[in-house]
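In what follows, a single structure is set out as structure tokens and then discussed.
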Amino acid sequence: MVSARKTQLVSAKDLNQLPVSKLLVVICPGFHETNLTQRLIASLPSFVDCRVLETSPIAPVEICRTLVEYAEWLSPSPVACPPVVGIGFSAGVLGLAGGLALWQQQGGGRYRVSRLIAVDGWGVPVVGMPVTRLSHDYFTHLTSLPLGAGEVNFVAHPPVAHLNLWGQPESVMGFEVSRCQGAKGVGMPMTAGQFLRRVLQAEWNGAFSWRHAAANAAHKSG
């Protein structure tokens, strides 16, 4: 399980018969070289449509303003837009958490953040939206849990350098652990890249698996 949301999973066979829908993802890096973010984007699944925020990672108001400018990308409909996932790294978690919260408030219910994926967002509390954390070591993992964490999170083991978690997710080994698991070596082993794709797949299912139910209903009525 990578999400508390109960969804009807779409099988690979059914997925090929359904309209292609993209999961909207906004990315807020930290203070580092841009090529690290490009490596992260290269590891994301094909059903993701992402935008990198070209603003200060610690400026929630600027991030909110940029999201408002993204209105046409977010939704062609004036009524509502699909759920949005945020991925922030390091200092970027601070600005993104605040920016997304402001954006939701200003949207009057039109906008919904389905999840914030906080990559090494040490010391940053996340409230008002579901959150999943990835940490480069156990200290970061354990001290971040009280500040908001998902039903499952990722912790690197053995520990890796802070920037490696962002720029080389496929090479970072670790464990998918539940909120209550803190002991080393407990949980399902996988790479950070694999964990990230699992979380995004669950969010895609939650946003678009209604297509599967609609297809079944149409088939039965026919």
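The values are calculated or read from the model by the stated rules, or taken from the named source; none is laboratory data. Given the structure is predicted, the values throughout are model-derived calculations rather than measurements. Using ideal geometry, Cβ is built from the backbone for each residue, glycine included, and neighbour counts are taken over all protein chains shown. The accessibility values were calculated without ligands, DNA or RNA, using every heavy atom of the protein model including side chains. Shrake-Rupley method; radii C 1.70, N 1.55, O 1.52, S 1.80 Å.
Filtering region 87-120 down to residues that are β-branched (Val, Ile, Thr) and under 15 Å from ASN153 (Cα atoms), which residue is farthest from the chain's Cα centre (by Cα)?
By that ranking, first place goes to VAL119.
Looking only at region 21-41, how many residues end up being over 14 Å from the mean Cα position of the chain (by Cα) and part of a loop (DSSP other than H, G, I, E, B)?
5
Scan region 143-166 for residues that are farther than 18 Å from ARG197 by Cβ and buried (at least 23 other Cβ atoms within 10 Å of the Cβ) and jot them down.
If the condition is that a residue be farther than 18 Å from ARG197 by Cβ and buried (at least 23 other Cβ atoms within 10 Å of the Cβ), then SER144 is the only one that fits.
State yes or no: is PRO159 within 24 Å of LEU44 (Cα to Cα) and under 16 Å from the mean Cα position of the chain (by Cα)?
When the stated conditions are applied, PRO159 does not pass them.
Among the candidates MET129, MET190, single out the residue that is free of Cβ contacts under 8 Å to residues at least 60 places away in the same chain, surrounded by fewer than 24 Cβ atoms within 10 Å (Cβ to Cβ), in a strand (DSSP E or B) and not aromatic (Phe, Trp, Tyr).
MET190
Pairs under 8 Å by beta carbon, first residue modelled with pLDDT of 95 or more in region 194-222, partner of a type in the set (S, T, N, Q), six or more apart or different chains?
LEU196/SER43; ARG197/SER43; VAL199/SER3; VAL199/THR132
Hey, can you tell me all the residues within region 20-40 that are open to solvent by 40 Å² or more (accessible area, probe 1.4 Å) and either under 24 Å from ALA161 (Cβ atoms) or in contact with a Gly (Cβ under 8 Å, 6 or more places away or on another chain) (or both)?
If the condition is that a residue be open to solvent by 40 Å² or more (accessible area, probe 1.4 Å) and either under 24 Å from ALA161 (Cβ atoms) or in contact with a Gly (Cβ under 8 Å, 6 or more places away or on another chain) (or both), then PHE31, HIS32, GLU33, THR34, ASN35, GLN38, ARG39 are the ones that fit.
What helices (runs of 4 or more DSSP H), lying completely within region 43-116, carry at least 3 residues that are touching a Leu at 6+ places or on another chain (Cβ under 8 Å)?
Filter on region 43-116 gives 60-69, 91-106.
Mind telling me which of the residues GLY174, GLY123 ends up being more than 13 Å from the chain's Cα centre (by Cα), within 23 Å of GLY30 (Cα to Cα) and open to solvent by less than 10 Å² (accessible area, probe 1.4 Å)?
Going through GLY174, GLY123 in turn, just one is more than 13 Å from the chain's Cα centre (by Cα), within 23 Å of GLY30 (Cα to Cα) and open to solvent by less than 10 Å² (accessible area, probe 1.4 Å): GLY174.
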